[in-house]
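Heads up: the structure comes next, in structure tokens.
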Amino acid sequence: MTNQPPSPLERLIDRDAEQAVIGSILVNPDAMMDISDHLLPGDFYEDRARYVYGAALTLWREDRPIDYLTLSSQLQADQLLEKIGGAAYLTETMTNTPTAYNVGQYADTVSRLATLRGLVRVAGDIAKLAYNGDGNTSAVMDKARALVDGVTPMTSTDDVLLWLDSLERFVLGQVERNNAQVEVEQGLRKPPLQFPWKAFKPFDVRLRPGTLVLVIAGSGIGKTSFMACAAEWWAKNGHRVAFFHLELSHQFMLDRRMARLSGVPVSTLETGYLNGNTSDATRQMQSYPGGITYIHCPGWSARGITAKMRQLHSKGLCDIAIVDYLQKERLYMPRGFTMNDALADAAEVHKNGAEQMGIPVMIGSQVNRKAMDADRITSDHLRGSGEAPEKSNINITLNRELNDTQRADEDGTVYPAGSRSPVTSARVDKNTGGSTGDCTLWFEGPRFLFKDIQYEEER
């Protein structure tokens, strides 16, 4: 007795590949990074594999760990655990997976066969359109293309802009830009996202949609304060800022903010002190047309942070995102990855998120040890990576030298010899939309406040 040949449908199903995808995720949860953007639960033919992958995708997008227990718990919450045959299915699948290294090939097989099954499924619908088209070929072709497009796998998120459309788009865009400028001048629209300091104006540092900005400085120089000052300026001008801080607590962020706006030192605020200055600062912030959402996220990954950005952006709470800081993120470190690779990967995740959401993302970053001996800090001194700065659009470096002698500012604040100078060397080290160069800011330490050397009260 000879074996029956597989049916036409069976030729479009690979149960081993589907099971291998699930097993690969259980063996190495980071495998999701290679497949989550293009492999969908509906691509699986077997219900069990589809349910498990859907649960894994939920955990991944919410930046929760993926393992035997968490997957079982998620499936139980979705009332699907019994439908897959219980947790024993997960154990069996994990045991039968030869290696997670080939997860990309397994996923490509699942996706390819799903596309072919989809084409078979819509073929009958296209035949009906042809039979019932009443001679209207154009209408039939349009509907047929729509059906085929519906089963075409998503291999890219790039928009296509045709030549003639691009000409019209530029003219219409210029009209919109002109109208926007008039509305900004009339106070009817938010101003562009630029830094608040006059020192940066010669360089035309504008944070356009999709821009990735790196603020690079050593420990204790003030990169958090620099980004917080910018965030408060943008909130004052009507923008919604999402500030992700991986190191400092909510309370410390709020204390520093009050110190900047009221002039009351943090050490005094920590005693519970309130006075007229703090009340005035509070009323001032209440009048801001924009605002800042603070997200304390120690140990979060770049993917988890970007997922939260998307959520806040969808709710109108994220015109620009700030991440403080890159080296504090939980990095993706598969076998063979160096620290350079991991930091570059995190920067790439944030860059892709910025472009897809159409918002700027600004990230703080530490410098490496070589910066301590350098005459001038540049993007090349970013700790752990020479690749991350290449993925950004704007790189700004900050440095404050040690004081040789004691000095004081106009408010009487004393900076002893051996402490960091309030004079801050800032450099626009990369700027895809403008020029680069050096400028100088003043850092008022007790208030965690950066200001222009020739400072005019505009805050």
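Data overview
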quantity: Restricting the stretch 126-154 to residues that are loosely packed, with under 13 Cβ neighbours inside 10 Å and under 30 Å from residue 15 (Cβ atoms), the residue that is modelled with the highest pLDDT; calculated: 127
quantity: Pick from the stretch 332-367, criterion touching a Leu at 6+ places or on another chain (Cβ under 7 Å) and modelled with pLDDT under 90, ranking: surrounded by the fewest Cβ atoms within 10 Å (Cβ to Cβ); calculated: 342
quantity: Selected residue (only one of 294, 332 is under 18 Å from the mean Cα position of the chain (by Cα) and closer than 15 Å to residue 363 by Cα); calculated: 294
quantity: Pairs with Cβ under 8 Å, 6+ apart, first in the stretch 85-97 and closer than 12 Å to residue 75 by Cβ and free of Cβ contacts under 8 Å to residues at least 24 places away in the same chain, second in a helix (DSSP H, G or I) and among the small types (Gly, Ala, Ser); calculated: 87/72
quantity: Any hit, the stretch 38-56, residues being at pLDDT below 85 and on the phi > 0 side of the Ramachandran plot; calculated: no
quantity: Condition broken by residue 277, with the remaining ones in (1) touching a helix residue (DSSP H, G or I) at 6+ places or on another chain (Cβ under 8 Å); (2) within 28 Å of residue 58 (Cβ to Cβ) satisfied; calculated: (2)
quantity: Hits in the stretch 287-328 - residues which are in contact with a Ser or Thr (Cβ under 7 Å, 6 or more places away or on another chain) and not in a strand (DSSP E or B); calculated: 312, 317, 325, 326, 327
quantity: Evaluation of residue 226 against (1) at pLDDT 95 or above; (2) farther than 21 Å from residue 290 by Cα (one fails), failing number; calculated: (2)
quantity: Segments classed as helices (runs of 4 or more DSSP H), wholly inside the stretch 6-119, with at least 3 members that are surrounded by 15 or more Cβ atoms within 10 Å (Cβ to Cβ) and in contact with an Asp or Glu (Cβ under 9 Å, 6 or more places away or on another chain); calculated: 15-27, 47-61
quantity: Every residue from the stretch 302-314 that is surrounded by fewer than 17 Cβ atoms within 10 Å (Cβ to Cβ) and among the hydroxyl-bearing types (Ser, Thr, Tyr); calculated: 314
quantity: Residues satisfying the stated conditions in the stretch 186-208, i.e. closer than 10 Å to residue 360 by Cβ and touching a helix residue (DSSP H, G or I) at 6+ places or on another chain (Cβ under 8 Å); calculated: 193
quantity: Restricting the stretch 185-201 to residues that are among the aliphatic types (A, V, I, L, M) and under 21 Å from residue 433 (Cα atoms), the residue that is surrounded by the fewest Cβ atoms within 10 Å (Cβ to Cβ); calculated: 199
quantity: Residue check, residue 295 closer than 14 Å to residue 246 by Cα and in contact with a Cys (Cβ under 7 Å, 6 or more places away or on another chain); calculated: no
quantity: Test: residue in the stretch 289-300 that is of a type outside the set (D, E, K, R) and farther than 22 Å from residue 323 by Cα; calculated: yes
quantity: Selected residue [farther than 18 Å from residue 236 by Cβ, among the basic types (Lys, Arg) and not in a loop (DSSP other than H, G, I, E, B)] from 208, 177; calculated: 177
quantity: Total residues in the stretch 400-453, condition hydrophobic (A, V, I, L, M, F, W, C) and crowded, with 19+ Cβ neighbours inside 10 Å; calculated: 9
quantity: Hey, residue 256 surrounded by fewer than 21 Cβ atoms within 10 Å (Cβ to Cβ), in the same structural domain as residue 307 (by TED's automatic domain parsing), touching a strand residue (DSSP E or B) at 6+ places or on another chain (Cβ under 6 Å) and not acidic (Asp, Glu) or not; calculated: no
quantity: Long-range neighbours under 7 Å by Cβ, at least six apart or interchain, first residue farther than 24 Å from residue 119 by Cβ within the stretch 12-32, second among the charged types (D, E, K, R) and surrounded by fewer than 21 Cβ atoms within 10 Å (Cβ to Cβ); calculated: 29/67
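The values are calculated or read from the model by the stated rules, or taken from the named source; none is laboratory data. In this text, all values refer to a predicted model and were calculated from it rather than measured experimentally. Because the Cβ atoms are built from the backbone with ideal geometry, glycine has one as well, and the counts that use them run over all protein chains shown.
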